[in-house]
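What follows is a set of notes on a single structure, which appears directly below.
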Amino acid sequence: MKFAKLGATALTSMLAGMAMLGTVSAETFRLSHNTGDTTTWHKGAEKFNELLKEATGGEMEVRVFPNAQLSGGDQMKQAEMVSRGALDFVATSAINVTPLVPEMAVFSLPYLYSSYDEVDATTEGAAGDRMEEIMLEHNIVVLAWGENGFREVTNNARPIKTPEDMKGLKMRVAGPMYIDVMNALGANPQQMQWTETFTALQQGVVDGQENPIGAVIIPQRVYEVQKYLTTWHYSYDPIFLGVSKKLWDSWDEDTRAKVQKAATEAMDYQKQITREDTEKGIAFLREKGMEIYEPSAEEIGAFREATKPAFDTWAAKVGDELVKTFQDSISGSN
Ligand code: X2X
């Protein structure tokens with residue numbers, strides 16, 4: 001609409017009309033996430049904006065900032081900013097929160113999960129509730145769980161079929177727990193921002209990385225700079241949509257209900273498209289020239305065995321009781 005072309009009177013009456021419809025008082029919140037604008041993370045965040053706008057008749061909207069722009073490119077800093085109310089919303093994955101809330105590493109313990117049913121039993125059950133309580137102690141309200149996914153390993157040196165194949169590989173990792181896992185496998189891990197990883201792979205600064213297929217590897221075109229992928233499913237990484245407690249506390253019941261509903265639906269959608277894209281993903285990656293290795297149950301067992309020291313170290317860090325809460329939800333689902 002071109003205001004310049006409207007007469008003053010027309011403009012005044014139009015603004016009055018908008019005020020009656022409640023559109024003038026629109027409040028825009030900021031949502032940060034740490035992947036690119038092609039990912040399912042971004043689509044889930046945009047869906048949240050869409051649903052929230054709809055539910056509030058345009059009174060509330062969310063501007064989505066990808067690539068951890070709002071935290072100066074530091075993907076681990078987003079949670080801390082939401083925690084102190086410097087950021088409104090965040091969509092990020094568990095591993096990024098571990099510097100602030102070490103317990104969040106529980107989700108990604110190597111080989112904790114072996115299916116989506118097990119994952120859903122935790123995020124939708126007592127385990128998820130417990131994590132939400134812990135996050136709330138850090139002033140982050142977890143509105144809903146979405147999915148980054150099972151993290152698969154890629155590299156440019158050789159096909160990974162056994163733990164021995166990992167030896168000596170320079171691996172980019174996202175967070176502290178994965179450093180220990182890579183060390184257990186004899187690889188050389190290096191912690192690096194996700195936004196810097198594509199170039200590092202391209203230039204051979206590192207040989208490989210690990211990320212989920214549907215949420216990240218495909219939309220961020222990792223296949224353009226990586227030759228080999230092994231579906232070892234070694235670590236699950238959820239994402240969540242969170243809001244600062246400060247902001248949440250400022251809303252009345254009705255507003256909270258609308259925010260909650262939009263968040264739940266947006267993350268359900270995000271999880272669904274992530275699973276669909278992951279399922280179709282292997283064929284797509286083969287078409288793009290990647291060599292995919294799908295290990296057998298027995299071969300997976302060897303990776304589980306080799307990463308056990310890192311599981312034990314981090315189970316102790318997050319606390320045995322929390323691990324047991326997760327394991328109980330998991331065994332209840334089988
Ligand atoms: O940095 C990564 O690897 C990513 C995008 O998966 C996370 O945020 C953990």
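In the chain, the DSSP-assigned H stretches of four residues or longer account for a calculated mean residue ellipticity at 222 nm of -14000 deg cm²/dmol, using -39500 (n - 2.57) per stretch and the full residue count as denominator.
Round to a whole angstrom and tell me the spacing of the C-alpha centers of segment 261-309 and segment 192-224. Centre-to-centre (Cα) distance: 15 Å. Using a probe radius of 1.4 angstrom, the carbon and sulfur fraction of the accessible surface of the chain is 50%.
Between Lys280 and Arg63, residue separation times 0.36 nm minus the direct Cα-Cα distance comes to 75.1 nm. Rounded to the nearest 20, the size of the Cβ-charge dipole of the chain about its Cα centre is 1160 debye, with Lys and Arg at +1 and Asp and Glu at -1.
Have a look at the DSSP beta bridges in the chain and tell me what percent are antiparallel, nearest 5. Looking only at bridges with both residues in the chain, the antiparallel portion is about 60 percent. Here Lys170 is the anchor, and the aspartates and glutamates within straight C-alpha reach of less than 14 Å, apart from those fewer than 8 places off in the same chain, are Asp180, Asp207, Glu210. Dipole of segment 266-334 (Lys/Arg Cβ +1, Asp/Glu Cβ -1, origin at the Cα centre): which of Ile292, Met267, Ala306 lies farthest to the positive side? The listed residue farthest towards the positive side: Met267. A 1.4 Å probe run over the protein chains yields, for the chain, 43 Å² of accessible area per residue, whole-number rounding. Please name whichever of Ile134, Gly149, Met182 sits farthest to the positive end of the charge dipole of segment 101-229, dipole taken about the Cα centre and charges placed at Cβ: Lys and Arg +1, Asp and Glu -1. Value: Met182.
Of all lysines in the structure, the ones whose alpha carbon falls short of 18 Å from that of Lys246, not counting any fewer than 8 places away in one chain, are Lys77, Lys258. I'd like the accessible area for Leu136: 1.4 Å probe, protein heavy atoms, all chains in place, Å² to the nearest 10. Counting only protein heavy atoms, Leu136 exposes about 80 Å² to solvent. Between Lys288 and Thr255, the contour length at 0.36 nm per residue exceeds the alpha carbon distance by 7.3 nm.
The values are calculated or read from the model by the stated rules, or taken from the named source; none is laboratory data. The model shown is predicted, which means the values in this text are computed figures rather than measured ones. Glycine also receives a Cβ, built like all others from the backbone with ideal geometry; neighbour counts cover every protein chain displayed. SASA here: full protein model, heavy atoms, side chains in, ligands and nucleic acids out. Shrake-Rupley method; radii C 1.70, N 1.55, O 1.52, S 1.80 Å.
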